[in-house]
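Where a number appears in this text, it was derived from the coordinates with a stated rule and is not lab data. Being a predicted model, the structure only gives us computed values, none of them experimental. Cβ placement follows ideal geometry from the backbone for every residue including glycine, while neighbour counts extend to all protein chains displayed.
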Amino acid sequence: MWLAILVMAIFLALVGVGAGLTYYVTSQNNTVESVNPQSYLLSSYISLSFTDQVGGEHDGWLLLGLRGAPVIILCHGYDSNRSELLSLGSILRDNHYNVYIFNFQGPKTKENRSNLGPRQASDLMSAIDTVTKQPDVNPNRVGLFGTSMGGYAALVAAEQSPKVKALVVDTTYSTPEQMFDSQIERLLGGSSGLFHVLTDAEFHLASMGSDKYDLPANLPKLANMPKLFISGRDDAALSAMTESLFNQAPQPKQLRLMNHSGSGLTSEAEKKEYENQILNFFLQSLSLRAD
């Protein structure tokens, strides 16, 4: 009896720790915006928010380029926010694209916890609908960029929206469970079979009712769309998943192997190379011409 009580106590303790880790992973949200458009001396921009499917409001900046040019929507990654993409956005805008950068979470959103992709994909579809109604934007030509969680959202949106004509994803994944497991391993400093079982079950319960997307099965829908996959070797797990997605994706496609993903760039030289890779891809794949 005492052995059974001890085993039950240990199990309940592990469940509690697992629940704490699950809450931590799904509630991470970096709200500190270190820069804004004024930091880059950008005067041609407007604040543009949109409403998601559950009535939450998302803040965004629309950087205005050439009138009638396509819009490139930049999706920030896990535990990040829109300010971290302003440097890339300013470069794309300087090359005459309209650029939209928004937050997945904020003070006016109604969902405080993330399901690591499906909800963000839905938010991105709402963002596409809002920004393509702006008078300065080509309504039929959209480019998407996303990193980690934003990359997952960009892939799903590209599979669903005929407006998307070019796509860049950086060090992303196929399923929310893969992202969740990679974060748990990062927190634990390695793999743990027991914790994977417990935390995966708790994550499944926490994300019940979320939209479900079979991202790999729908990759054939991206045929004829130019795609750039960036694989940052500083995150081995997500890097392997990104390269697997690249292998499954139809042509045309490109793969860039880099020492660091966009969120882990360590020098100005690396940052410049990274941003130039993305700029050159869009210049080649997303014409500025009006329809």
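Derived scalar couplings between HN and Hα for the stretch 259-270 equal 5, 9, 6, x, 6, x, 4, 10, 8, 5, 5, 4 Hz in order, rounded to whole Hz, by the Karplus curve 6.51 cos²θ - 1.76 cosθ + 1.60 (θ = phi - 60°), x for Gly and Pro. Counted without the sites themselves, the longest stretch of the chain free of GluC sites (Glu not before Pro) in a DSSP loop having at most 16 other beta carbon atoms within 10 Å is 112-291. Counting Cα-Cα pairs of the chain in 5 Å increments starting at 0 gives whole-percent bin shares of 1, 5, 12, 16, 18, 17, 12, 7, 4, 3, 2, 1, 1, 0, 0, 0. Other residues lying with their Cβ under 14 Å from the Cβ of Thr130 contribute a combined charge of -4, Lys and Arg counting +1, Asp and Glu -1. Adding -39500 (n - 2.57) for every DSSP H run of four residues or longer, then dividing by how many residues the chain holds, sets the calculated 222 nm ellipticity at -13500 deg cm²/dmol. Using the Karplus relation 6.51 cos²θ - 1.76 cosθ + 1.60 with θ = phi - 60°, the per-residue 3J(HN,Hα) values for the stretch 133-138 come to 8, 6, x, 8, 10, 5 Hz, with x marking Gly and Pro. Taking the stretch 128-193, which trypsin sites (Lys or Arg not before Pro) meet the DSSP loop condition and have no more than 12 other C-beta atoms within 10 Å? Those that pass, being in a loop and sparsely packed, are Lys133.
Evaluated with a Cβ-only charge set (Lys, Arg +1; Asp, Glu -1), the stretch 2-285 carries a dipole of roughly 720 debye about its Cα centre, given to the nearest 20. The simple Förster model, with R0 at 35 Å and r as the Cβ-Cβ distance, assigns Glu243 and Leu288 a FRET efficiency of 0.70. Taking 37 °C and 0.692 mPa s as the conditions, I'd like the Stokes-Einstein D for the stretch 51-200 in µm²/s, using the Kirkwood hydrodynamic radius from alpha carbon pairs. Reported coefficient: 206 µm²/s. The string of couplings for the stretch 89-95 from the Karplus curve (6.51, -1.76, 1.60, θ = phi - 60°) is x, 5, 5, 5, 5, 4, 9 Hz, one whole number per residue in order, with x for Gly and Pro.
Here the stretch 227-241 is scanned for amide nitrogen atoms under 17 Å from the site 7 Å beyond the Cα of Glu185 along Cα-to-Cβ, giving 231-241.
Rounded to the nearest 0.05, the FRET efficiency derived from the C-beta distance between Asp129 and Gln28 at R0 = 30 Å is 0.65. Compared with the direct C-alpha span, the chain from Val35 to Leu255 gains 76.2 nm at full extension, assuming 0.36 nm per residue.
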